[in-house]
Amino acid sequence: MNALNSRIRIIWVLRSLLGALILGGAATGVAVYRSASLSIPAGLTALFVILGVVHAILRYRNWRYVVNDDALYLERGVLTQVRTEVPLVRIQHVDSRRSAFERLVGLASTVVYTAGSRGADVTIPGLTPDDASDLRERLKGLAIDADGEDAV
């Protein structure tokens, strides 16, 4: 099983901090409007920050993937553990992607698009740009080989 690059925790923590600040700002606005104490919004913001950091750490610890000759396997989840198997013959195409946050910390993601209508893509975050490109090329090659074996 392959683990993600540890820098992905920075992205997940930054996203949770942003969410906590937005919720804390909204709670502060309500408290000011109602002339209430600002200790409750401050406490809620601190709680959301702590929960976000803990969630990012647990999410990182529970994220794994492996590529076999027949399928891509993913394991992830904090409260609900999700195991996904993507048969290589179902892969339509594979992309590498770098969001602004990912570029900031030198990471990339690999997105695997599969045949199907519901949730027809799988994203593997927290890869170095070279690892994302290598994974994209490896999956592409394996999918071509698998499709050739499955073709009539």
One residue from 54, 89, 30 being assigned to a helix (DSSP H, G or I), modelled with pLDDT of 95 or more and open to solvent by 60 Å² or more (accessible area, probe 1.4 Å): 54
Within the stretch 125-146, considering residues that are touching a residue at least 60 places away in the same chain (Cβ under 8 Å) and within 18 Å of the chain's Cα centre (by Cα), the one most open to solvent (accessible area, probe 1.4 Å): 131
Any chance residue 2 is touching a residue at least 24 places away in the same chain (Cβ under 8 Å), open to solvent by 50 Å² or more (accessible area, probe 1.4 Å) and polar (S, T, N, Q): yes
Residue check for residue 51: touching a helix residue (DSSP H, G or I) at 6+ places or on another chain (Cβ under 9 Å) and either charged (D, E, K, R) or closer than 22 Å to residue 5 by Cα (or both): yes
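The values are calculated or read from the model by the stated rules, or taken from the named source; none is laboratory data. In this text, all values refer to a predicted model and were calculated from it rather than measured experimentally. Neighbour counts run over all protein chains shown; Cβ positions are idealised from the backbone, glycine included. Accessible surface is based on the protein model in full, side chains and every heavy atom, while ligands, DNA and RNA are left aside. Shrake-Rupley method; radii C 1.70, N 1.55, O 1.52, S 1.80 Å.
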